[in-house]
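Below: the structure, in structure tokens.
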Amino acid sequence: MKSNLRYEINYDVLDLSGEIDLHHSPELRKKILGSLKNKKSLLINMQEVSYIDSSGIASLVEGFQTAKENKLSYGLLRISEPAMQVLTLTRLDKVFSLYDSIDQFQSQLQA
Amino acid sequence: MIKAISNLGSYAIETIEQIGRTFNLLLIIAWKMCLPPYQIFPIIKQIYFIGARSLTVIIISGATIGMVLGLQFYNTLERFGSVGVLGSAVALSIIRELGPVMTALMVVGRAGSAICAELGIMRITEQVDALECMAIPPDKYLVAPKLIAGIVSVPLLNFVFNVVAIGGGYFVGVIMLGVGEGSYVNGMIDSVVWGDVRLGMVKSIIFGMLITLICCAKGFYLHLSQYGSQGAEGVSRATTDAVVISSVSVLFFDFLIGALMS
Amino acid sequence: METANAIEIRDLDVDYGSRRILSDINIDIRQGEIMVIMGGSGSGKSTLLRCILGLKKPSAGHIYMLGTDICHTSNKKLYGLREQIGVAFQGGALFTSMTVAENIQLPLREHTNLDENTIQIMTRIKLDMVNMLPYENLMPSELSGGMKKRAALARAIIMDPKLLFFDEPSAGLDPITSAELDELIVMLKESMKMTIVVVTHELESVFAIADRIAILGEGQLVQVGTPEEIKSSTDERVTGLLNRTPRKNNVDKDVHIERLTRDKE
């Protein structure tokens, strides 16, 4: 897994790529929760994710819950096909807010 | 005739195999215990099961044995006019012999049978295989905590047994039969030496290991024994065997250690 | 090294004492497929599964799992390999001293350093996948047979294994639960890209899930093929299994009378 955190004014974008498995998800969790701790909304770019296992999904879920508690926006951007399949299998595709572009997320933030 | 000889032979082979497996298990566990991860919580749980849960039966049997000894020794010693040594007689027989042996036998009956049945059931319901397939070594995960708990709890229970039994002897000798309190206590203090206590401790540590090892091995290797394919009946037979073999070994080793150490 | 085959079984012979259980078995299981090993009772299919899992040592032959020969490898390598597989046993084999959730979390707690929250969420995700979420705090003794099987499946997939083994998934289940499990197995293959080996004798679920089928009969490999190939097979032992024809024993009459009257040894 590779990840890169980009800082925008009122939100962060976390770009993920590669395989996210049991070995990587503690790092992913730390990044997601770290960003949310700074009271900033978070958009996770999942376009380049070739594989995500349930520990990765669990980290995403925990981030979602934390964002909700802190009334922050939390979204997933351009989910790759393999990741989408896992989300569907775990019935989480209806839970997360999914975005096709950063602009869409920004307009959601302003609304 | 040939059938009888061949039966005898296969019985002998099976027995030797079992002894080999049992000691092999001990070696494997001794080796694996040196490697992390260390299982502190399961050991405490097993000490609770083998040790703390056996406390009632140890206290009751200790008090009874102490009282019986007090009564019997009093009757015998009275004929020789030497009831003054009642305290030493009771204390020495408890500390050197009866304490370790009775404690071990009580633990076999209460915890040993349960250990054997538990492991046997885990074996026939594929729980041991499941552990193996999860890459969790079942000998270390299941047997090691029980073995350590046995080695730790039996000497502690032995200590409790000794205290209660000597108290029982005191109750019968001093309070009921009127032996002088001073002669009971002082006689005991004068005659019991460190060597006696050490003998009792060594015995109970070895017994603790022996009985948990035998009971564990009987259940854990159920599938390899002749009862392996008999399901629930196999478990009950293995448990019976485990109790009988460990009780007999306790008595045999009691003699052996006594002969070697004195 | 990644090979196209998840499991390769080569010239496998297995004996119990002096009795030969399996002889000369050769099967390839490809990555990402559902292979169903099928056969009647006593065909040796359970023994084959135990060999693949490394629980029984074969007398001869090789089994390559993800490229490693598990019959001739160190214990350490075998354990490393086993962290990548999941096994759901026939009766569930849940640990009776733990709740359902604790059972499922056990591999995670033993093998990973994941955060407690992650472990909780993963457990719930898997329990939800097998429709067992309401029962997470029950003890295995409080579950029905079908629930035990589903909990065992959840435990088998908790580490997201590359290889999943399932022993008799639908035996003793009602048709609806059984169909749900079949659907789940297919979904696991598709979305988690698992290779799945199912051992069963239940015909209905076999054709619902199998990519390929291996049929065992009396210790020998009868046929390996796609469901269509198996259906159109003319082999008597295959059609017998599919059409549920009772086995006929055409025994010579002298042999038969000898068997009935022979003295006990």
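One table, with the values for the structure above:
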{"item": "Footprinting exposure proxy for B:47, B:28 (fewest neighbouring C-beta atoms within 10 Å first)", "result": "B:28, B:47"}
{"item": "Inter-label distance for residue C:109 and residue C:74, nm, one decimal - labels placed 7 Å from Cα along Cα-to-Cβ", "result": "2.9"}
{"item": "Positive minus negative residues near residue C:204 (Lys, Arg vs Asp, Glu; Cβ under 15 Å)", "result": "-4"}
{"item": "Sum of side-chain charges, residue B:227 neighbourhood, beta-carbon under 10 Å (Lys, Arg +1; Asp, Glu -1)", "result": "0"}
{"item": "Binned Cα-Cα distances of the protein assembly as shown, short to long, each 10 Å bin given as a whole percent", "result": "3, 13, 19, 19, 16, 12, 9, 6, 3, 1, 0"}
{"item": "Ranked list, fewest to most other Cβ atoms within 10 Å of each Cβ, for C:254, B:254", "result": "C:254, B:254"}
{"item": "Computed FRET value (nearest 0.05) for residue B:78 with residue B:256, which takes r as the C-beta separation and R₀ as 30 Å", "result": "0.30"}
{"item": "Under the span-like rule (Cα at least 27 Å along the axis, Kyte-Doolittle mean at least 0.5), DSSP H helices of chain C", "result": "none"}
{"item": "27 Å Cα-Cα reach of residue A:2 towards lysines, excluding residues that sit fewer than 8 places from it in its own chain", "result": "A:30, A:31, A:37, A:39, A:40, A:68, A:94, C:126, C:162, C:189, C:193"}
{"item": "Centroid-to-centroid separation of segment C:169-187 and segment B:21-96 [C-alpha atoms, Å]", "result": "54"}
{"item": "Rh by Kirkwood over Cα pairs, then Stokes-Einstein D for chain B at 0.890 mPa s and 25 °C, µm²/s", "result": "123"}
{"item": "Count of lysine pairs in chain B with Cα separation under 17 Å (8 or more residues apart, or interchain)", "result": "6"}
{"item": "Cβ-based exposure ranking for B:181, C:8, in which fewest neighbours within 10 Å come first", "result": "B:181, C:8"}
{"item": "Förster-model FRET efficiency, 35 Å R0, residue A:88 and residue C:207, C-beta, rounded to 0.05", "result": "0.90"}
{"item": "Potential extension, residue B:71-residue B:41 segment - 0.36 nm per residue separation minus Cα distance", "result": "6.4 nm"}
{"item": "CD proxy at 222 nm, helix term only [per DSSP H run n ≥ 4: -39500 (n - 2.57); per residue of chain A; nearest 500]", "result": "-13000 deg cm²/dmol"}
{"item": "Structure-based [θ]222 nm, chain C - -39500 (n - 2.57) summed over DSSP H runs of at least 4, per residue, nearest 500", "result": "-11000 deg cm²/dmol"}
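Values in this text are rule-based calculations from the coordinates and carry no lab data. Bear in mind the structure is a predicted one, so any value in this text is a computation, not a measurement. Cβ coordinates were reconstructed from backbone atoms using ideal geometry, including for glycine residues, and neighbour counts include every protein chain displayed.
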